[in-house]
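Here the structure is laid out as structure tokens; the discussion comes afterwards.
The values are calculated or read from the model by the stated rules, or taken from the named source; none is laboratory data. Bear in mind that the values here come from a model prediction, so they are computed numbers and not experimental data. Counting neighbours? That spans all protein chains shown, and the Cβs are built from the backbone with ideal geometry, glycine included. Areas reflect the complete protein model, heavy atoms only, side chains present, ligands, DNA and RNA absent. Shrake-Rupley method; radii C 1.70, N 1.55, O 1.52, S 1.80 Å.
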Amino acid sequence: VAESRKLAPASYVAELADETAPLSVDVTPLAGSRFKIKVEERPIEIEAEQVGPHTFSVRLGDRVVELDTTWSEGNLVVGTAGKELAFRLIDRRRYRAGGDAATGIGQREVKAVMPGKVVAVLVNVGDEVEKGQSLLVLEAMKMENEVRSPGSGVVQEIRVSPGQAVETGELMLLLE
Amino acid sequence: LFRRVLIANRGEIAVRVIRACRDLGIETVAVYSEADRTALHVRLADHAVPIGPPPALESYLVKEKIIEAAKRTGAEAVHPGYGFLAENTDFSAMLADAGIAFIGPPAAAIAAMGDKVAARQAMERAKVPCVPGTFDTLADDAEVERAAREVGYPIMLKASAGGGGKGMRFVHRPEELHAALRGVRSEAKSSFGDDRLYIERFIESPRHVEVQVMADQHGHVVHCFERECTLQRRHQKVVEESPSPVLREDVRLKMGEIAVRAAQAVGYVGAGTIEFLVDPKQNFYFLEMNTRIQVEHPITEEVTGTDLVRAQIEVAAGLPLPWEQAQIRQRGHAIECRVYAEDPFNNFLPSPGRIQVLRTPSGPGIRDDSGVYEGAVVSRFYDPMISKLVAWGPDRKTAIERMRRALAEYRVHGLATNLAFHHWVLDHPKFLAGDFDTGFIDREWKPEAQRAPFEGEERDLAIAAAAVALTEGAARAAAPAAPSGSAQHGWIATARREATRG
């Protein structure tokens, strides 16, 4: 997987579920599976190998830990034996001060970001929806994922129905 | 032996029975509710029959549906597991009418032990020491009042049809009696349809020790020694061990003999458990008998080298017990932790949902009796047990060390578990010293003080790992040639969604 891959540096804002102040997170890919990461002003260098669908074996210096990454209610949950840390990780370009994750381009189109099956449509045409409100439930990789609204608006058109299979990039819903 | 056995249960115990049947070359029939089509017990069975909607009252507890399933599949015997219909005399009578064997005790023995007042009478006749108290049903409130005074406060007020921690109240002073009386009566009436009561003297700082017995149809009864089940939360056992870390050898032997006598007194056949209360001076008193296989049976199996579920099936088929009393010895030490989908930091609230990550421990001395798999759903309709983790070692210290290692290897994510709670118990100085009573957990567990969050460098590391995962996921999502579906890991697929949504 890793042979000719070139990752671009990325910057995020981490909002911890336990409500401490947001943290800045900068990722600089190095050679192989190594990364330089700055959490606030604290730099660390890690080697992260994916060893399972949700699992990374992470080396920090000579120390190695196994971390599991899952999603729960819109949060990213990183866990190890007997404990978990839940937070949101937002692309800094889409993050505005005040903790509001701004909407990106194409906010009016809700597209499938992975192949899957529509399990439920939670809104109707004409409904006023808020940013973050659940619009659809999409089953993919054996997991049910809620597809949330990218912004507030009115549902203009629904192009899918429960039971329907969708491909990556397929337009599912239009917002006005 | 039987050719085909139906298992009238679900979860880990159904899986345990299927495994015993397979060892014996017996075909298995699972039954399942609409919530359980993809449950592990259905996946492992040879045959499977749907028996109705998710609520147990409409499926696993409907005797007619289970008997119909047994007839339809030609099952010659039914194993009830624990809970559900395991101690239901109507069910065993209906099976008998249908010519199907019940893998459990005779209906008369279940009935004799199910009625706690009748059981106390039978035990007293058999010279089994009972908790001091009343031995007859108390007719009215006046009689309860008088009896409570005679027994002496504080007392336990209990429903005759109760058991397993249900239908009982602690009454400290006479002023509290009337409220407790109303509570127990209404609870007993609604739960058991029977509001008869009895009184036991309250035993101070009690330990809860039980003895495993096993009997065949030819009059042989043996015991497989004791299990220490003192660590309870609201009368529900959470950590058990065998042998008891404190019982004196003479008490242990006497308790075994008396347990055998108790089983003989009711004509017992199959696996059963005699529960005793033990006071600080190691006087012990009969509490109740559970006329079924117990949740915590694996620790006895590990220490005595027996297979209790297999023996249950054999004696139900009329075979003699596979062991003599003299052959049964305690070797080493075993501990069980009940791993539940519940949140110890939020009042042990059940946490049903999909198990997104599951990695179970293994290695020397470790046994994991599980009813789930990665991707399985812990249903809100049933007991949220994930598995019973058992550690065996040549001595208690080694068993504890192995259990700690296993708990550290055990990974469950996607829902809350009580793994952190078990870590706490296994590290507690009083647990290590064997110095605890039934009130230990309620007294000592302080969730806020015991929460171990990610801190400092560890927290940065967790955030860093997530950031890497997200960066990689986004890169793959952007790659035009990325194959859809098959080669994509679940996490990456979700990361793509997160990275690309607004």
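Structural remarks
- Near-label residues of the stretch B:240-278 by backbone N, under 12 Å of a point 7 Å along Cα→Cβ of B:A433: none
- Shape parameters for the protein assembly as shown, alpha-carbon atoms, Rg then Dmax in Å: 28.7, 87
- Three-way shape call for the stretch B:331-468 based on the alpha-carbon gyration tensor, with the a/c threshold at 1.5: rounded
- Summing Lys and Arg as +1 and Asp and Glu as -1 over all other residues whose Cβ lies under 13 Å from the Cβ of B:G456 gives a net charge of -3.
- Three-way shape label, the stretch A:1-85, alpha-carbon gyration tensor, a/c 1.5: oblate
- Equivalent-ellipsoid semi-axes of the stretch B:150-241, from the Cα gyration tensor, Å, largest first: 29, 18, 13
- With a threshold of 20 Å on the Cα-Cα distance, the over-threshold entries among A:K36/A:K83; B:K116/B:K189; B:K63/B:K388; B:K237/B:K388 are A:K36/A:K83; B:K63/B:K388.
- The stretch B:37-92 - charge dipole about Cα centre, Lys and Arg +1 at Cβ, Asp and Glu -1, debye rounded to 20: 220
- Rounded to the nearest 20 debye, the dipole magnitude of chain B is 740 debye, with +1 charges on Lys and Arg beta carbons, -1 on Asp and Glu beta carbons, and the Cα centre as origin.
- Set the Cα radius of gyration of the stretch B:188-274 against 2.2 N^0.38 Å, with N its number of residues, and you get 1.28.
- Neighbouring partner chain Cβ atoms per residue of A:86-92, average, 10 Å criterion: 3
- Only Lys, Arg, Asp and Glu carry charge here, each on its Cβ (+1 for the first two, -1 for the last two); on that basis the stretch A:1-93 has a dipole of about 380 debye about its Cα centre.
- Between B:Y82 and A:E167, the simple label model (points 7 Å from Cα in the Cβ direction) yields a spacing of 5.4 nm.
- Summed side-chain charge close to B:G272 - residues other than B:G272 whose Cβ falls under 14 Å, Lys, Arg +1, Asp, Glu -1: -4
- Classification of chain B by its C-alpha gyration tensor yields a prolate form. The axis ratio a/c (a ≥ b ≥ c) is 1.5 or more, and a/b outweighs b/c.
- Averaged over A:60-68, number of beta-carbon atoms from partner chains that fall within 10 Å: 4
- Accessible area of B:K397 in the full protein assembly, 1.4 Å probe (Å², nearest 10): 140
- Stretchable slack from B:L253 to B:S186, in nm (0.36 nm times residue separation minus alpha-carbon distance): 20.1 nm
- Highest-first arrangement of B:346-354, B:31-39, where packing means the average Cβ count within 10 Å: B:31-39, B:346-354
- What the pair-distance distribution of the stretch B:1-122 shows, using all Cα-Cα distances binned every 10 Å from zero, is 14, 46, 30, 9, 1 percent.
- Positive dipole terminus of the protein assembly as shown, leading residue within B:G52, B:A161, B:G318 (C-beta point charges): B:G318
- The mean number of partner chain beta-carbon atoms within 10 angstrom of a residue's beta-carbon across peptide A:8-14 is 4.
- Between the C-alpha center of the stretch B:16-65 and that of the stretch B:255-330 there is a gap of 26 Å.
- Chain B - percent relative contact order, Cα under 8 Å, separation 6 or more: 13
- Rolling a 1.4 angstrom probe over the protein heavy atoms with all chains in place gives the protein assembly as shown an accessible area of 42 Å² per residue.
- 5 Å-binned pair-distance histogram of the stretch B:317-379 (Cα, whole percent): 3, 11, 15, 16, 14, 12, 9, 9, 9, 2
- Here the spin labels are modelled as points 7 Å beyond Cα on the Cα-Cβ line, and at B:F170 and A:S24 they lie 5.6 nm apart.
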